[in-house]
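Have a look at the structure below, then the notes.
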2 protein chains.
Amino acid sequence: VSDTVLHVHGAPLPDGDGIPVAVCQLAPRIGNRDENLRRVEQAVLRAAEQGARLVVLPELVTSGYVFRDAAEARSLAEPADGPTVTRLTELARKHGLVVVAGIPEAAGETLYNSAVLVDGSGLRATYRKAHLWHGESDIFTPGSARPPVVETDVGRVGMVVCYDLEFPEWMRQVALDGADIVCAPTNWPHEPRPEGERPIEVVRVQASAAVNRTFIAVADRAGSERGVSWVSGSAIVSFDGYPLGVADDTGDEQIVLARCEVHRARNKRTGPRNDVFADRRTDLYRGTLE
Amino acid sequence: VSDTVLHVHGAPLPDGDGIPVAVCQLAPRIGNRDENLRRVEQAVLRAAEQGARLVVLPELVTSGYVFRDAAEARSLAEPADGPTVTRLTELARKHGLVVVAGIPEAAGETLYNSAVLVDGSGLRATYRKAHLWHGESDIFTPGSARPPVVETDVGRVGMVVCYDLEFPEWMRQVALDGADIVCAPTNWPHEPRPEGERPIEVVRVQASAAVNRTFIAVADRAGSERGVSWVSGSAIVSFDGYPLGVADDTGDEQIVLARCEVHRARNKRTGPRNDVFADRRTDLYRGTLE
């Protein structure tokens, strides 16, 4: 894997004012952290060569996803400020990047399915996945804090991880907390779908972007692992809900690039008299917490 | 208009166990209540002929949408149990139907943009649109109650109206309140969209269906009115988020039919260990009300 040149999806970045964003759809090898970190470095470099300023990597990209058991996951985990973040910080500093990546985080004896946000100054924030999918709860402890929103050189960046995307309450929260763009490392398990339909995982992302008027950048998995295959649905979606770039149908490793005018996410108006935040009827929403 | 035969989209209803649902995409004439009610009757009859048991009609279908002012709207409004519901009740009784339609409701001096649910026993419930779009707030008072969910012969039916669909809190609530299928009269104003993209209005509906595992049946508008044209995006969406039927691209009046196995919406599980309701982190969602 490490010798291939990552395919860069579509045309080179057009000129324009938007922030160049890259989502890297990768196929880590379960259990091979050194190889996976090399692969991540290669992808981040390739994205930087293409002009990216914000780079998003998949969920658990340094370890792989389909762990045999908690012991295997533990053997691949590291502290949030461990070697992966050290290496990403060097890359971020050298190339002027903001990088979001999914890693298995060890905090003492506790494991989290986390996303880290790194820039040239180092680790800026860690987010611990709050909604765990399937067997993840045998291995990871769910996070108990909202996604951070970090002021960076490329705008206000929020983070969620995979299954979090299926909870509109969570996506609303990160938008209310000020995210211009939400970065989402994912490992979307493949499910059959009707002919000609875009994956529902991507549809949900489009809707979340539109109802909150935030950009969303999803880095999904390529390849397959211990019998599990993935949607390979990496996408960069605009604040109006329409995709700016989506992974091609090959399911291969690839980088999807788009420019995002992230400042436009700060205007929540959808018309002269409407605003997606102000028009909420919060007085009537109490029941959604019950 | 009244002399044309409504196009029925796609093949006749297949055999099967699901509830036959029809959404009627109509082009009412602004201001002509008698003509519009005739048109509604024709559509409901045509849907019943096709085997439908649940029939959904657009927002403000008896009046049209682009009112000159509140006085015009008032002249077209009627009580929830007025002549429209009387006529729909007769049709529902004769043909064994449940019907949801959008009407301008007059409650004393107050006007609401309402949806009514009717079966053979008469008016079962009225829902007053809680999220008003653009100039609607010059004319209508926003509703102050949650959407009702009504136990009917075809399942538990919820109602929302048009812009309500853009608030995931609201869609969550009607699902939590037990709706198997949410009926949504709409008048979606047309907006440009990228080539080849499904309208974002439909994408949002797909996502709402998927995250809540409810069916959603949307009856949108055809035609244009006083310079406003419509998406004409009527659709019946399954609990997995994929459409069972969508209006064709003509933008014409038409009936879209599909069978909905509505009982499947009562199972919120998405896998052996996941459930879209139980997996919510309500302990962490408080902020969405702020």
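Some values worked out for this structure:
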{"quantity": "Reciprocal mean inverse distance between Cα atoms of chain B - Kirkwood radius, Å", "calculated": "18.8 Å"}
{"quantity": "Amide proton proximity set for B:S234, modelled H, under 5 Å, gap of 5+", "calculated": "B:D220, B:A247"}
{"quantity": "Descending principal axes extents, region B:39-147, alpha-carbon based, whole Å", "calculated": "40, 26, 21"}
{"quantity": "Relative contact order, percent, region A:116-233 [alpha-carbon distance under 8 Å, six or more residues apart]", "calculated": "20 percent"}
{"quantity": "Ascending list, in nanometres, of distances separating the A:S137 label from those of the other copies (7 Å, Cα toward Cβ)", "calculated": "4.1"}
{"quantity": "Per-selection Rg to Rh, the protein assembly as shown - Cα, Kirkwood hydrodynamic radius", "calculated": "1.01"}
{"quantity": "Fraction of accessible area attributable to carbon and sulfur, the protein assembly as shown (%, probe 1.4 Å)", "calculated": "46 percent"}
{"quantity": "Simple label model, 7 Å out from Cα along Cβ direction - A:R273 to B:E261, nm", "calculated": "4.5 nm"}
{"quantity": "q = 0.13, 0.19 Å⁻¹: log10 I(q)/I(0) that the Debye formula gives for region B:141-290, counting C-alpha atoms only", "calculated": "-0.61, -1.19"}
{"quantity": "Debye-sum result for region A:119-163 in log10 I(q)/I(0), which assumes one identical scatterer on each alpha carbon, at q = 0.16, 0.25 Å⁻¹", "calculated": "-0.51, -0.90"}
{"quantity": "Computed helical MRE - 222 nm, chain B, DSSP H runs ≥ 4 contributing -39500 (n - 2.57), nearest 500", "calculated": "-6500 deg cm²/dmol"}
{"quantity": "Cα-based convex hull volume of region B:32-90 per residue, rounded to whole Å³", "calculated": "84 Å³"}
{"quantity": "Region A:84-142 versus region B:122-140: alpha-carbon centroid distance in Å", "calculated": "46 Å"}
{"quantity": "Region A:227-285, Cα convex hull volume normalised per residue, Å³", "calculated": "131 Å³"}
{"quantity": "Per-selection metrics, region A:138-221 (Cα): Rg and Dmax in Å", "calculated": "13.4, 41"}
{"quantity": "1.4 Å probe accessible area per residue over the protein assembly as shown, in Å²", "calculated": "36 Å²"}
{"quantity": "Distance between region A:157-228 and region B:6-68 - C-alpha centres, whole angstrom", "calculated": "35 Å"}
{"quantity": "Per-selection Kirkwood Rh - region B:68-217 (Cα, Å, 1 d.p.)", "calculated": "16.1 Å"}
{"quantity": "Protein accessible surface hidden between A and B, which excludes ligands and nucleic acids, total in Å², probe 1.4 Å", "calculated": "4800 Å²"}
{"quantity": "Buried on assembly, region A:163-178 (at least 10 Å² less accessible surface than by itself, 1.4 Å probe)", "calculated": "A:Y163, A:E166, A:F167, A:P168, A:E169, A:W170, A:R172, A:Q173, A:L176"}
{"quantity": "Relative contact order, percent, region B:178-239 [alpha-carbon distance under 8 Å, six or more residues apart]", "calculated": "41 percent"}
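The values are calculated or read from the model by the stated rules, or taken from the named source; none is laboratory data. Predicted, not measured: the structure shown is a model, and the values here were computed from it. Don't worry about glycine lacking a Cβ; one is built from the backbone with ideal geometry, like all the others, and counts go over all protein chains shown. Protein only, heavy atoms only, side chains kept; ligands, DNA and RNA dropped before computing areas. Shrake-Rupley method; radii C 1.70, N 1.55, O 1.52, S 1.80 Å.
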